[in-house]
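Okay, structure first, notes after.
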Amino acid sequence: MDTGDPRNTRPYFFLSYAHTPRNDSEVAGPNAWVKKLYDGLCAHLLEMTSLPMGARAGFLDQGIALGARWTDELSENLARCQVFVPLYSPRYFISEMCGREWWAFSQREIHRRTRRGAPRESAIVPALWVPVEAAQLPQVARDLQFHHADIGEDYAAEGFYGLTKLSYLKDQYERAVYRLAQRIVRAGRATDLAEGQIYRDYESLPSAFGDTARPPGFDVTVLARCRSDLPAGRVSDYYGETPAEWNPYHPVSTRSLVEHASDLVRAMNFRVRVSDFESEADRLLSSGPPAAPALLLLDRWALDSPRGKELMARLAERRRPWISVMIPQYDDDTVPPERDRELRELTDRLLASRQAAGSGHRSPDGGGHTLEAFAVELRKAVGQAVNYFEAHSTTYPPKGPPTDPPWLPRQVHSV
(Lines give C-alpha, C1' and ligand atoms only; values in the text may rest on other atoms or scores of the structure.)
Protein backbone atom coordinates (compact mmCIF):
# COMPACT_ATOMS: atom_id res chain seq x y z
CA MET A 1 0.00 0.00 0.00
CA ASP A 2 1.45 3.39 -0.92
CA THR A 3 0.38 6.83 0.24
CA GLY A 4 -1.66 7.28 -2.92
CA ASP A 5 -3.80 4.24 -2.22
CA PRO A 6 -7.42 5.40 -1.67
CA ARG A 7 -7.81 2.69 1.00
CA ASN A 8 -5.53 4.77 3.21
CA THR A 9 -8.43 7.17 3.79
CA ARG A 10 -10.63 4.29 4.94
CA PRO A 11 -10.51 2.57 8.32
CA TYR A 12 -8.85 -0.83 8.04
CA PHE A 13 -11.35 -2.31 10.48
CA PHE A 14 -14.64 -1.41 12.18
CA LEU A 15 -14.97 -2.62 15.78
CA SER A 16 -18.64 -3.31 16.46
CA TYR A 17 -19.62 -3.75 20.10
CA ALA A 18 -22.58 -3.50 22.45
CA HIS A 19 -22.31 -0.52 24.77
CA THR A 20 -22.44 -1.62 28.41
CA PRO A 21 -24.49 0.58 30.78
CA ARG A 22 -22.27 2.55 33.11
CA ASN A 23 -22.08 1.60 36.76
CA ASP A 24 -22.02 4.69 38.99
CA SER A 25 -19.17 3.18 41.01
CA GLU A 26 -16.91 2.97 37.95
CA VAL A 27 -14.59 5.87 37.23
CA ALA A 28 -13.65 5.13 33.64
CA GLY A 29 -16.79 3.28 32.62
CA PRO A 30 -17.06 -0.30 31.30
CA ASN A 31 -16.45 0.63 27.67
CA ALA A 32 -12.96 1.92 28.51
CA TRP A 33 -11.74 -1.69 28.33
CA VAL A 34 -13.11 -1.95 24.79
CA LYS A 35 -11.19 1.22 23.94
CA LYS A 36 -8.02 -0.39 25.31
CA LEU A 37 -8.54 -3.39 23.02
CA TYR A 38 -9.20 -1.08 20.06
CA ASP A 39 -6.06 0.97 20.72
CA GLY A 40 -3.98 -2.21 20.91
CA LEU A 41 -5.32 -3.46 17.59
CA CYS A 42 -4.67 -0.11 15.90
CA ALA A 43 -1.07 -0.05 17.15
CA HIS A 44 -0.42 -3.55 15.80
CA LEU A 45 -2.02 -2.78 12.43
CA LEU A 46 0.23 0.22 11.91
CA GLU A 47 3.20 -2.11 12.37
CA MET A 48 1.81 -5.01 10.33
CA THR A 49 0.79 -2.97 7.28
CA SER A 50 2.29 -0.20 5.20
CA LEU A 51 -0.37 2.28 6.28
CA PRO A 52 1.29 5.70 6.18
CA MET A 53 1.38 8.25 8.95
CA GLY A 54 -2.10 9.65 9.51
CA ALA A 55 -3.92 6.70 7.88
CA ARG A 56 -6.87 5.32 9.81
CA ALA A 57 -6.20 1.90 11.28
CA GLY A 58 -9.71 1.46 12.68
CA PHE A 59 -13.04 2.93 13.70
CA LEU A 60 -14.66 2.67 17.13
CA ASP A 61 -17.90 4.44 17.84
CA GLN A 62 -17.70 6.06 21.24
CA GLY A 63 -20.19 8.84 20.68
CA ILE A 64 -23.42 6.85 20.50
CA ALA A 65 -24.82 6.33 23.96
CA LEU A 66 -26.94 3.30 24.81
CA GLY A 67 -30.24 3.62 22.91
CA ALA A 68 -29.13 6.60 20.82
CA ARG A 69 -29.67 6.88 17.08
CA TRP A 70 -27.53 5.95 14.11
CA THR A 71 -25.11 8.60 12.87
CA ASP A 72 -23.84 9.45 9.40
CA GLU A 73 -20.27 8.96 10.61
CA LEU A 74 -21.02 5.41 11.69
CA SER A 75 -22.75 4.60 8.40
CA GLU A 76 -19.91 6.04 6.32
CA ASN A 77 -17.30 3.99 8.18
CA LEU A 78 -19.35 0.81 7.78
CA ALA A 79 -19.49 1.47 4.04
CA ARG A 80 -15.74 2.06 3.74
CA CYS A 81 -13.94 -0.17 6.25
CA GLN A 82 -12.06 -3.19 4.92
CA VAL A 83 -12.83 -5.61 7.80
CA PHE A 84 -15.76 -5.86 10.21
CA VAL A 85 -14.88 -7.05 13.73
CA PRO A 86 -17.97 -7.93 15.83
CA LEU A 87 -17.14 -8.15 19.54
CA TYR A 88 -19.19 -11.12 20.76
CA SER A 89 -21.01 -10.99 24.08
CA PRO A 90 -24.52 -11.99 25.23
CA ARG A 91 -25.45 -8.30 25.09
CA TYR A 92 -24.13 -7.99 21.53
CA PHE A 93 -26.62 -10.42 20.00
CA ILE A 94 -29.66 -8.76 21.56
CA SER A 95 -28.55 -5.31 20.39
CA GLU A 96 -30.65 -4.04 17.51
CA MET A 97 -27.98 -1.52 16.56
CA CYS A 98 -25.25 -4.18 16.43
CA GLY A 99 -27.52 -6.38 14.31
CA ARG A 100 -28.03 -3.53 11.88
CA GLU A 101 -24.31 -2.80 11.72
CA TRP A 102 -23.67 -6.46 10.85
CA TRP A 103 -26.43 -6.45 8.24
CA ALA A 104 -25.15 -3.26 6.56
CA PHE A 105 -21.62 -4.65 6.28
CA SER A 106 -22.85 -8.07 5.12
CA GLN A 107 -24.45 -6.48 2.04
CA ARG A 108 -20.96 -5.60 0.82
CA GLU A 109 -19.79 -9.19 1.32
CA ILE A 110 -22.79 -10.59 -0.53
CA HIS A 111 -22.28 -8.20 -3.43
CA ARG A 112 -18.58 -9.18 -3.59
CA ARG A 113 -19.53 -12.83 -4.14
CA THR A 114 -21.16 -11.89 -7.44
CA ARG A 115 -17.76 -10.94 -8.91
CA ARG A 116 -15.72 -13.40 -10.93
CA GLY A 117 -12.83 -14.83 -8.94
CA ALA A 118 -14.12 -13.46 -5.61
CA PRO A 119 -12.18 -15.05 -2.71
CA ARG A 120 -13.94 -17.40 -0.33
CA GLU A 121 -12.51 -15.68 2.76
CA SER A 122 -14.83 -13.52 4.82
CA ALA A 123 -14.12 -9.91 5.72
CA ILE A 124 -15.95 -10.49 9.01
CA VAL A 125 -13.47 -11.41 11.76
CA PRO A 126 -15.25 -12.02 15.08
CA ALA A 127 -13.68 -11.42 18.47
CA LEU A 128 -14.78 -12.67 21.89
CA TRP A 129 -15.46 -10.09 24.58
CA VAL A 130 -17.35 -12.62 26.68
CA PRO A 131 -17.80 -16.24 25.44
CA VAL A 132 -21.27 -16.94 24.07
CA GLU A 133 -22.96 -20.34 24.02
CA ALA A 134 -23.44 -21.76 20.52
CA ALA A 135 -27.21 -21.90 21.07
CA GLN A 136 -27.23 -18.13 21.61
CA LEU A 137 -25.54 -17.37 18.30
CA PRO A 138 -27.73 -16.19 15.41
CA GLN A 139 -27.41 -18.02 12.12
CA VAL A 140 -25.10 -15.42 10.57
CA ALA A 141 -22.58 -15.99 13.38
CA ARG A 142 -22.85 -19.78 13.18
CA ASP A 143 -22.23 -19.66 9.45
CA LEU A 144 -18.82 -18.04 9.96
CA GLN A 145 -17.39 -21.20 11.58
CA PHE A 146 -14.63 -19.20 13.22
CA HIS A 147 -12.29 -21.12 15.55
CA HIS A 148 -11.53 -18.84 18.51
CA ALA A 149 -9.19 -21.40 20.07
CA ASP A 150 -6.74 -20.70 17.22
CA ILE A 151 -6.10 -17.33 18.87
CA GLY A 152 -5.53 -18.99 22.26
CA GLU A 153 -7.12 -21.52 24.60
CA ASP A 154 -7.39 -19.02 27.48
CA TYR A 155 -8.85 -16.44 25.15
CA ALA A 156 -11.48 -18.91 23.87
CA ALA A 157 -12.42 -19.75 27.47
CA GLU A 158 -12.41 -16.25 28.96
CA GLY A 159 -12.71 -13.72 26.12
CA PHE A 160 -10.92 -10.38 26.13
CA TYR A 161 -12.92 -9.20 29.15
CA GLY A 162 -11.76 -12.15 31.23
CA LEU A 163 -8.15 -11.80 30.10
CA THR A 164 -8.29 -8.11 31.03
CA LYS A 165 -9.70 -8.69 34.48
CA LEU A 166 -7.52 -11.66 35.47
CA SER A 167 -4.06 -10.24 36.08
CA TYR A 168 -2.29 -13.59 35.78
CA LEU A 169 -3.52 -13.78 32.16
CA LYS A 170 -1.87 -10.52 31.08
CA ASP A 171 0.51 -12.26 28.68
CA GLN A 172 -2.34 -14.24 27.14
CA TYR A 173 -4.24 -10.98 26.64
CA GLU A 174 -1.34 -9.37 24.74
CA ARG A 175 -0.90 -12.50 22.65
CA ALA A 176 -4.60 -12.62 21.76
CA VAL A 177 -4.66 -8.96 20.71
CA TYR A 178 -1.64 -9.55 18.49
CA ARG A 179 -3.13 -12.65 16.87
CA LEU A 180 -6.47 -10.97 16.28
CA ALA A 181 -4.64 -8.11 14.58
CA GLN A 182 -2.94 -10.66 12.33
CA ARG A 183 -6.34 -12.12 11.42
CA ILE A 184 -7.67 -8.66 10.57
CA VAL A 185 -4.72 -7.92 8.29
CA ARG A 186 -5.05 -11.27 6.50
CA ALA A 187 -8.77 -10.73 5.94
CA GLY A 188 -8.25 -7.22 4.62
CA ARG A 189 -5.61 -8.35 2.14
CA ALA A 190 -7.56 -11.40 1.00
CA THR A 191 -10.96 -9.81 0.45
CA ASP A 192 -10.27 -6.24 -0.74
CA LEU A 193 -13.90 -5.11 -0.38
CA ALA A 194 -15.23 -2.31 -2.55
CA GLU A 195 -16.94 0.58 -0.78
CA GLY A 196 -20.61 0.00 -0.11
CA GLN A 197 -23.83 1.93 0.22
CA ILE A 198 -24.09 4.58 2.92
CA TYR A 199 -27.36 4.04 4.79
CA ARG A 200 -28.70 7.27 6.22
CA ASP A 201 -31.92 5.88 7.68
CA TYR A 202 -31.09 3.57 10.55
CA GLU A 203 -34.73 2.66 11.09
CA SER A 204 -34.99 1.22 7.57
CA LEU A 205 -32.38 -1.48 8.15
CA PRO A 206 -33.14 -5.04 9.28
CA SER A 207 -31.08 -6.72 11.96
CA ALA A 208 -28.84 -9.60 10.94
CA PHE A 209 -29.82 -11.26 14.21
CA GLY A 210 -33.56 -11.44 13.50
CA ASP A 211 -36.31 -11.22 16.09
CA THR A 212 -35.90 -14.62 17.77
CA ALA A 213 -33.08 -16.83 18.97
CA ARG A 214 -33.99 -19.45 16.39
CA PRO A 215 -34.47 -18.00 12.91
CA PRO A 216 -37.71 -18.90 11.10
CA GLY A 217 -37.62 -20.83 7.86
CA PHE A 218 -37.94 -19.07 4.52
CA ASP A 219 -38.50 -20.55 1.05
CA VAL A 220 -36.60 -19.12 -1.91
CA THR A 221 -37.93 -20.71 -5.07
CA VAL A 222 -37.39 -20.05 -8.77
CA LEU A 223 -39.40 -20.46 -11.95
CA ALA A 224 -37.17 -19.96 -14.96
CA ARG A 225 -36.27 -21.35 -18.35
CA CYS A 226 -33.31 -23.64 -19.08
CA ARG A 227 -30.95 -23.46 -22.04
CA SER A 228 -32.56 -26.56 -23.50
CA ASP A 229 -36.05 -25.04 -23.79
CA LEU A 230 -35.52 -21.38 -24.66
CA PRO A 231 -38.02 -19.76 -27.03
CA ALA A 232 -36.80 -18.55 -30.40
CA GLY A 233 -34.69 -15.43 -30.19
CA ARG A 234 -33.99 -15.65 -26.46
CA VAL A 235 -30.31 -15.20 -25.54
CA SER A 236 -28.90 -18.25 -23.74
CA ASP A 237 -26.24 -16.33 -21.77
CA TYR A 238 -28.57 -15.89 -18.78
CA TYR A 239 -29.45 -19.57 -18.40
CA GLY A 240 -28.01 -22.91 -17.34
CA GLU A 241 -28.97 -26.55 -17.38
CA THR A 242 -31.54 -26.10 -14.58
CA PRO A 243 -33.85 -23.25 -13.51
CA ALA A 244 -31.68 -22.76 -10.40
CA GLU A 245 -28.82 -21.62 -12.66
CA TRP A 246 -30.76 -18.65 -14.06
CA ASN A 247 -28.56 -15.53 -13.85
CA PRO A 248 -30.45 -12.50 -15.22
CA TYR A 249 -27.63 -10.12 -14.17
CA HIS A 250 -24.96 -11.74 -16.36
CA PRO A 251 -22.19 -10.69 -16.93
CA VAL A 252 -22.11 -8.28 -13.96
CA SER A 253 -22.83 -11.20 -11.64
CA THR A 254 -21.24 -14.63 -11.94
CA ARG A 255 -23.69 -16.25 -9.52
CA SER A 256 -27.20 -17.56 -10.09
CA LEU A 257 -29.99 -15.32 -8.86
CA VAL A 258 -31.28 -17.92 -6.41
CA GLU A 259 -27.82 -18.10 -4.75
CA HIS A 260 -27.61 -14.34 -4.47
CA ALA A 261 -31.17 -13.96 -3.17
CA SER A 262 -30.63 -16.74 -0.64
CA ASP A 263 -27.59 -14.94 0.78
CA LEU A 264 -29.58 -11.71 1.08
CA VAL A 265 -32.38 -13.52 2.92
CA ARG A 266 -29.95 -15.36 5.20
CA ALA A 267 -28.43 -12.01 6.12
CA MET A 268 -31.77 -11.27 7.83
CA ASN A 269 -31.32 -14.39 9.98
CA PHE A 270 -33.63 -16.78 8.15
CA ARG A 271 -33.00 -20.47 7.55
CA VAL A 272 -33.36 -20.63 3.78
CA ARG A 273 -34.76 -23.55 1.81
CA VAL A 274 -34.03 -23.32 -1.93
CA SER A 275 -36.28 -25.04 -4.44
CA ASP A 276 -37.42 -25.28 -8.04
CA PHE A 277 -40.97 -23.90 -8.10
CA GLU A 278 -42.09 -26.36 -10.76
CA SER A 279 -40.98 -29.33 -8.64
CA GLU A 280 -42.21 -27.88 -5.34
CA ALA A 281 -45.47 -26.28 -6.49
CA ASP A 282 -47.67 -28.85 -4.73
CA ARG A 283 -45.94 -28.17 -1.41
CA LEU A 284 -45.81 -24.38 -1.77
CA LEU A 285 -49.39 -24.09 -3.01
CA SER A 286 -50.98 -26.66 -0.72
CA SER A 287 -54.19 -25.75 1.05
CA GLY A 288 -54.19 -24.73 4.67
CA PRO A 289 -51.95 -22.42 6.66
CA PRO A 290 -48.43 -21.71 5.37
CA ALA A 291 -45.36 -23.57 6.58
CA ALA A 292 -43.04 -20.63 5.84
CA PRO A 293 -42.97 -17.30 4.03
CA ALA A 294 -41.60 -17.53 0.51
CA LEU A 295 -40.01 -15.59 -2.32
CA LEU A 296 -40.64 -16.63 -5.92
CA LEU A 297 -37.98 -15.47 -8.41
CA LEU A 298 -39.85 -15.37 -11.70
CA ASP A 299 -38.29 -15.33 -15.16
CA ARG A 300 -41.03 -13.79 -17.27
CA TRP A 301 -39.85 -15.86 -20.24
CA ALA A 302 -40.96 -18.92 -18.27
CA LEU A 303 -44.55 -17.69 -18.58
CA ASP A 304 -44.34 -18.08 -22.34
CA SER A 305 -44.89 -21.82 -21.99
CA PRO A 306 -47.92 -23.99 -21.13
CA ARG A 307 -46.36 -25.20 -17.87
CA GLY A 308 -45.40 -21.68 -16.78
CA LYS A 309 -48.91 -20.40 -17.47
CA GLU A 310 -50.40 -23.30 -15.52
CA LEU A 311 -48.23 -22.69 -12.46
CA MET A 312 -48.94 -18.96 -12.37
CA ALA A 313 -52.65 -19.64 -12.78
CA ARG A 314 -52.50 -21.94 -9.74
CA LEU A 315 -50.61 -19.33 -7.73
CA ALA A 316 -53.15 -16.66 -8.64
CA GLU A 317 -56.11 -18.95 -7.89
CA ARG A 318 -54.80 -20.12 -4.51
CA ARG A 319 -54.03 -16.56 -3.36
CA ARG A 320 -50.98 -17.26 -1.27
CA PRO A 321 -50.01 -13.73 -0.15
CA TRP A 322 -47.08 -15.05 1.91
CA ILE A 323 -45.40 -15.90 -1.43
CA SER A 324 -43.84 -12.69 -2.71
CA VAL A 325 -43.07 -12.54 -6.43
CA MET A 326 -40.04 -10.80 -7.89
CA ILE A 327 -39.57 -10.37 -11.65
CA PRO A 328 -36.13 -8.80 -12.23
CA GLN A 329 -35.48 -7.09 -15.56
CA TYR A 330 -31.81 -6.26 -15.94
CA ASP A 331 -30.98 -3.06 -17.82
CA ASP A 332 -28.52 -4.71 -20.20
CA ASP A 333 -30.87 -7.54 -21.13
CA THR A 334 -32.22 -5.92 -24.28
CA VAL A 335 -35.48 -7.32 -25.59
CA PRO A 336 -37.17 -6.14 -28.81
CA PRO A 337 -39.93 -3.63 -27.90
CA GLU A 338 -42.72 -5.74 -29.37
CA ARG A 339 -41.58 -8.85 -27.49
CA ASP A 340 -41.15 -6.86 -24.28
CA ARG A 341 -44.74 -5.58 -24.57
CA GLU A 342 -46.03 -9.13 -25.10
CA LEU A 343 -44.20 -10.42 -22.03
CA ARG A 344 -45.40 -7.51 -19.91
CA GLU A 345 -49.02 -8.06 -20.92
CA LEU A 346 -48.69 -11.81 -20.33
CA THR A 347 -47.26 -11.26 -16.84
CA ASP A 348 -49.96 -8.76 -15.91
CA ARG A 349 -52.72 -11.04 -17.16
CA LEU A 350 -51.50 -14.13 -15.31
CA LEU A 351 -51.06 -12.24 -12.03
CA ALA A 352 -54.14 -10.02 -12.39
CA SER A 353 -56.19 -11.81 -9.74
CA ARG A 354 -53.43 -11.30 -7.15
CA GLN A 355 -53.43 -7.62 -8.00
CA ALA A 356 -57.18 -7.31 -7.69
CA ALA A 357 -57.24 -9.05 -4.32
CA GLY A 358 -54.16 -7.28 -2.94
CA SER A 359 -52.87 -10.79 -2.37
CA GLY A 360 -49.12 -10.55 -1.88
CA HIS A 361 -46.10 -8.67 -3.15
CA ARG A 362 -44.98 -8.39 -6.74
CA SER A 363 -42.05 -6.28 -7.81
CA PRO A 364 -43.06 -3.30 -9.97
CA ASP A 365 -42.96 -3.59 -13.75
CA GLY A 366 -39.42 -3.03 -14.91
CA GLY A 367 -38.09 -3.43 -11.37
CA GLY A 368 -34.68 -4.75 -10.40
CA HIS A 369 -32.73 -3.09 -13.18
CA THR A 370 -29.49 -3.57 -11.24
CA LEU A 371 -28.22 -5.90 -8.51
CA GLU A 372 -28.41 -3.01 -6.05
CA ALA A 373 -32.03 -2.29 -6.97
CA PHE A 374 -32.82 -5.99 -6.69
CA ALA A 375 -31.46 -6.05 -3.13
CA VAL A 376 -33.62 -3.08 -2.12
CA GLU A 377 -36.74 -4.63 -3.65
CA LEU A 378 -35.97 -7.97 -2.01
CA ARG A 379 -36.15 -6.36 1.44
CA LYS A 380 -39.66 -5.17 0.64
CA ALA A 381 -40.69 -8.55 -0.72
CA VAL A 382 -39.34 -10.43 2.29
CA GLY A 383 -40.98 -8.01 4.71
CA GLN A 384 -44.42 -8.47 3.16
CA ALA A 385 -44.06 -12.25 2.87
CA VAL A 386 -43.24 -12.44 6.58
CA ASN A 387 -46.15 -10.16 7.51
CA TYR A 388 -48.66 -12.23 5.57
CA PHE A 389 -47.18 -15.45 6.92
CA GLU A 390 -47.61 -14.27 10.51
CA ALA A 391 -51.17 -13.19 9.78
CA HIS A 392 -52.14 -16.57 8.30
CA SER A 393 -50.00 -19.07 10.18
CA THR A 394 -51.51 -21.18 12.96
CA THR A 395 -48.22 -20.86 14.86
CA TYR A 396 -48.75 -17.14 15.29
CA PRO A 397 -51.73 -15.35 16.89
CA PRO A 398 -53.91 -13.56 14.34
CA LYS A 399 -52.73 -9.99 13.95
CA GLY A 400 -55.34 -8.60 11.61
CA PRO A 401 -54.18 -6.78 8.47
CA PRO A 402 -50.43 -7.12 8.07
CA THR A 403 -48.39 -4.09 9.06
CA ASP A 404 -44.92 -3.14 7.91
CA PRO A 405 -41.97 -4.02 10.16
CA PRO A 406 -39.84 -1.02 11.17
CA TRP A 407 -37.07 -1.93 8.69
CA LEU A 408 -39.39 -2.23 5.66
CA PRO A 409 -39.09 0.77 3.30
CA ARG A 410 -42.32 2.60 2.70
CA GLN A 411 -44.29 2.92 -0.56
CA VAL A 412 -44.27 -0.79 -1.25
CA HIS A 413 -45.90 -1.81 -4.52
CA SER A 414 -48.19 -4.74 -3.67
CA VAL A 415 -50.25 -6.93 -5.94
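Counting residues in the range 245-260 that are surrounded by 19 or more Cβ atoms within 10 Å (Cβ to Cβ), aliphatic (A, V, I, L, M) and in the same structural domain as Leu78 (by TED's automatic domain parsing) gives zero. Scanning the range 248-292 for residues that are within 22 Å of His392 (Cα to Cα), among the basic types (Lys, Arg) and touching a residue at least 40 places away in the same chain (Cβ under 8 Å) turns up Arg271, Arg273.
One residue stands out among those in the range 384-415 that are touching a Phe, Trp or Tyr at 6+ places or on another chain (Cβ under 7 Å) and in a helix (DSSP H, G or I): the one that is modelled with the lowest pLDDT, which is His392. Considering only residues of the range 133-177 that are over 23 Å from Lys35 (Cα atoms) and polar (S, T, N, Q), which is nearest to the chain's Cα centre (by Cα)? Once the filter is applied, the top-ranked residue is Gln139.
Determine whether Gly288 is farther than 26 Å from Pro364 by Cβ, small (Gly, Ala, Ser) and surrounded by fewer than 22 Cβ atoms within 10 Å (Cβ to Cβ). Yes, satisfied.
Just to be sure before I move on: is His260 out of contact with any Pro (no Cβ under 9 Å at 6 or more places or on another chain) and in a loop (DSSP other than H, G, I, E, B) in the structure I sent? Here the answer is no, as His260 does not meet what is asked.
Within the range 337-383, being modelled with pLDDT under 80 and over 21 Å from Glu317 (Cβ atoms) holds for Pro364, Asp365, Gly366, Gly367, Gly368. Test Gly159 against the criterion of being in contact (Cβ under 8 Å) with a residue 60 or more places away in the chain and buried (at least 20 other Cβ atoms within 10 Å of the Cβ), and give yes or no. It is true that Gly159 is in contact (Cβ under 8 Å) with a residue 60 or more places away in the chain and buried (at least 20 other Cβ atoms within 10 Å of the Cβ).
The values are calculated or read from the model by the stated rules, or taken from the named source; none is laboratory data. Not measured: the values here are computed from a predicted model. Virtual Cβ from ideal backbone geometry, glycine too; neighbours counted across all protein chains shown.
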